[in-house]
Amino acid sequence: CPQDVSVIGFDDITEAQTATPPLTTINSPIYDIAREATRILVNHINSKKSPGKLMGFNKFPVILIERQSVKKLG
């Protein structure tokens with residue numbers, strides 16, 4: 001890794017930094033996403049209406065943290 005295969009993790013856990021090689025990962029604001037999901041659920045329960053199409057989760061930025069577990073192409 002990364003000569004034969006590239007590896008990318010998700011959630012940027014502490015072990016990603018200390019792995020050999022350090023793991024490239026995606027960092028997402030999991031607490032903000034959970035807060036929004038909870039707000040939608042509580043509104044749904046209180047209104048007894050279908051929440052319809054769930055929109056707005058793309059407002060949470062995700063960050064690619066490049067480390068040594070991937071090989072750059074080109």
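The values are calculated or read from the model by the stated rules, or taken from the named source; none is laboratory data. It should be emphasised that the depicted structure is a prediction, and the values quoted were computed from it without experimental measurement. Ideal geometry is used to build each Cβ from the backbone, glycine not excepted, and the neighbour counts take in all protein chains shown. Side chains included, ligands, DNA and RNA excluded: accessible areas come from the protein's heavy atoms. Shrake-Rupley method; radii C 1.70, N 1.55, O 1.52, S 1.80 Å.
Could you work out the relative contact order of the chain? I mean the mean sequence separation of Cα pairs under 8 Å and 6+ apart, divided by the number of residues, in percent. Display every interim value, and only then the final one.
Working: 85 pairs, mean separation 34.2, N = 74.
Reported as a whole number, the value is 46 percent.
Just flag the trypsin sites (Lys or Arg not before Pro) in the chain sitting in loop per DSSP whose Cβ has no more than 10 other Cβ atoms within 10 Å. Mind showing how you got there, number by number?
Working: sites: R35, R39, K48, K49, K53, K59, R67, K71, K72; in loops: K48, K49, K53, R67, K71, K72.
Filter output for the chain: K48, K49, K53, K72.
Starting from the Cα coordinates of the chain, work out the convex hull volume and express it per residue in Å³.
115
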Requested in this report: List the lysines whose Cα lies under 17 Å from the Cα of K48, skipping any in the same chain that are fewer than 8 positions away.
Outcome: none
Report task. Please give the net charge around I30, taking every other residue with its beta carbon less than 13 angstrom from that of I30, where Lys and Arg add +1 and Asp and Glu add -1. Result -> -3
Query raised in the report: Between T24 and residues 5 or more places away or on another chain, which pairs have amide H atoms under 5 Å apart, with H built 1.01 Å from N, and which residues are they?
Result: G9, R67, Q68, S69, V70
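Provide the net charge surrounding Q3, with neighbours chosen by a C-beta distance below 13 Å and charges set as Lys +1, Arg +1, Asp -1, Glu -1.
Result for the local shell: +1.
What is the extension gain from R39 to T18, computed as 0.36 nm multiplied by their sequence separation minus the C-alpha to C-alpha distance, in nm to one decimal? Mind dumping the intermediate values first?
Details: separation 21, 0.36 × 21 = 7.56 nm, distance 3.52 nm.
Length gained between R39 and T18: 4.0 nm.
How large is the accessible surface per residue of the chain, computed with a 1.4 Å probe and reported in Å² as a whole number?
81
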